[in-house]
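Have a look at the structure below before the remarks.
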Amino acid sequence: MSAAADAVIIGGGIMGLFCAHELVQQRLGRVILLEKRFCGAGSSGKSGAILRQHYSHRTTILMARESLSFYRTLKERTGRDIGFRPAPMVLLCHERERASIESNISLQRSFGVAVEMLDARQLRELEPRGEFGDEVVGAVESESGFVDPGRTIDALASLCRDDHVDLREGVRVIDVLLDKSHRARGVQTDDGQTIESPLVINAGGPWAGILCKRLGLQMPLKVIRPQQAYFVLPGGHGSEHFIFADLLTGFYWKPEAAGWTRVGRMSYEDDEEVPDPDKYDEGVSGSFVDSCRRGIAHRLPAYHHAVSWGGCGALYTVTPDAHALIGEVPGIAGFYVVSGFSGHGFKMGPAVGKGVASMITGCDPGGFDREFFDVDRFAAQQAITTSYRFGILG
């Protein structure tokens, strides 16, 4: 069996869906999206889906800002409710880090981000339940928020189908086909079908590197297993209205639409590597849950008494500098990689889709900078640097 398309996209997560959405908006032609299980089955479906603009680079600030606007207005524009909920983000750090954070704040403000610096007294006024010693300062971004990842994936899949994307779930790509000139010419699937296409976009998340290896490509993509824990405060202690990233303790937490609080570690340096993303532990360890309780309770003591609702193990695809690889692979014309978002990709999805479409169709790239995400930057020793010790903050 065989078919033909103008573009084949591998992966039905947030990136694959946004790439498909933007390419059909640019009238590229027939777009086929192939997802081996169901849309959102990989990293995207377990995302905290935090939408923040706090970054230390012009490109990522602009892309996060564009994407936040897309998510926030989606229901108004399409009628699809993705559970957008505003929740100011508070980045906590030590007084000695103030100068570095203020430099980032100045950059963010120059692009219209509403953010301000608070001292310990102001933080105590903002969150009366919290314990903030005089050495603690915080950057508060008022426009941030989050969405429901499952509802967002469903909405995007529906938008793609409405735009006549041929979206096929339960179809695994087992190989990318090349012609004699080493150009992409299509893919082969596990059901024996060949789909001819001069354009193949590998947005397979944790599976992206595996597919690249079949082509002899050693991409700097590593799959790891971060964990998250969930807690519910006892009655009378209130609920969470803020997203916190605590650089002093190394933990982040956020409200969930279900009324829970999601807690996780900001560093993923010690997370175990996953050799086979089809087979990994999706549970959470008791020791991790305990560490999360201690981490959040250090700042919000009421969590010493919170009910534990367990947690989950997820997947991140990370790069050495914690920023994605986005672009055409050198030496294989028509083959693009869109992967390696290192735990902060969901908030970038709309801008990434627009950027990928710009490389292919020449449309407006928005804040996307193709050189910033160059897939060959590590070979050229041009890794992206950041002022934060936690790569997930970018």
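Only the coordinates and a few stated rules stand behind these numbers; no lab work does. If you're wondering where the values come from, they're calculated on a predicted model, not measured in any experiment. Please note: Cβ atoms are built from the backbone with ideal geometry, for glycine as well, and neighbour counts cover all protein chains shown.
Summary table below
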quantity	calculated
Residue with peak Gaussian network fluctuation, the chain [Cα springs, cutoff 10 Å], from Gly145, Gly355, Gly238	Gly238
Options Ala114, Pro234, Ser197, ranked by Cα towards positive dipole end of the chain, top entry (Cβ charges)	Ser197
Packing-based ranking, highest mean first, of 380-392, 47-59, 223-235 given that Cβ atoms within 10 Å are counted	47-59, 223-235, 380-392
Per-residue Cβ neighbour rank within 10 angstrom, fewest leading, Lys75, Lys180	Lys180, Lys75
Angle in degrees between helix 98-110 and the longest Cα principal axis of the chain, rounded to the nearest 10	50
Efficiency of FRET from Cβ geometry, Glu196 and Ser267, R₀ 45 Å, rounded to 0.05	0.55
Rough spin-label spacing in nm, given labels placed 7 Å along Cα→Cβ, for Leu248 and Gln25	4.1
Full-extension gain in nm, Glu131 to Trp309, via 0.36 nm per residue minus C-alpha separation	61.7 nm
Highest to lowest packing among 318-324, 167-173, 241-247, 344-350, scored as the average C-beta count within 10 Å	344-350, 318-324, 241-247, 167-173
Percent RCO, i.e. relative contact order, over the range 77-188, from Cα pairs under 8 Å lying at least 6 residues apart	31
Radius of gyration and Dmax over the Cα atoms of the range 265-315, both given in Å	13.0, 39
Using a Förster distance of 22 Å, the FRET efficiency for Glu76-His241 (Cβ separation, nearest 0.05)	0.45
Cα gyration tensor, the range 102-148 - rounded (a/c under 1.5), prolate or oblate	oblate
Estimated inter-spin distance, Glu282 and Ser69, nm [label 7 Å along Cα→Cβ]	3.7
Folded to 0 to 90 degrees: helix 149-162 orientation relative to the chain principal axis, Cα	30
Gain upon complete extension [Arg85, Ser2; 0.36 nm per residue less C-alpha separation]	25.5 nm
Among the listed pairs Lys36/Lys354; Lys46/Lys213; Lys36/Lys254; Lys46/Lys222; Lys46/Lys254, those beyond 20 Å (Cα-Cα)	Lys36/Lys354; Lys46/Lys213; Lys36/Lys254
On Cα atoms only, tilt of 286-299 relative to the major axis of the chain in degrees	50
In range of the label at Phe38: residues from the range 136-175 whose backbone nitrogen is under 12 Å from the point 7 Å along Cα→Cβ	150-151, 154, 169-170
Residues whose placed amide H lies under 5 Å from that of Trp309, excluding near-sequence neighbours	Tyr230, Phe231, Val232
Area projected by the alpha carbon convex hull of the range 163-238, averaged over all directions, nm²	9.7
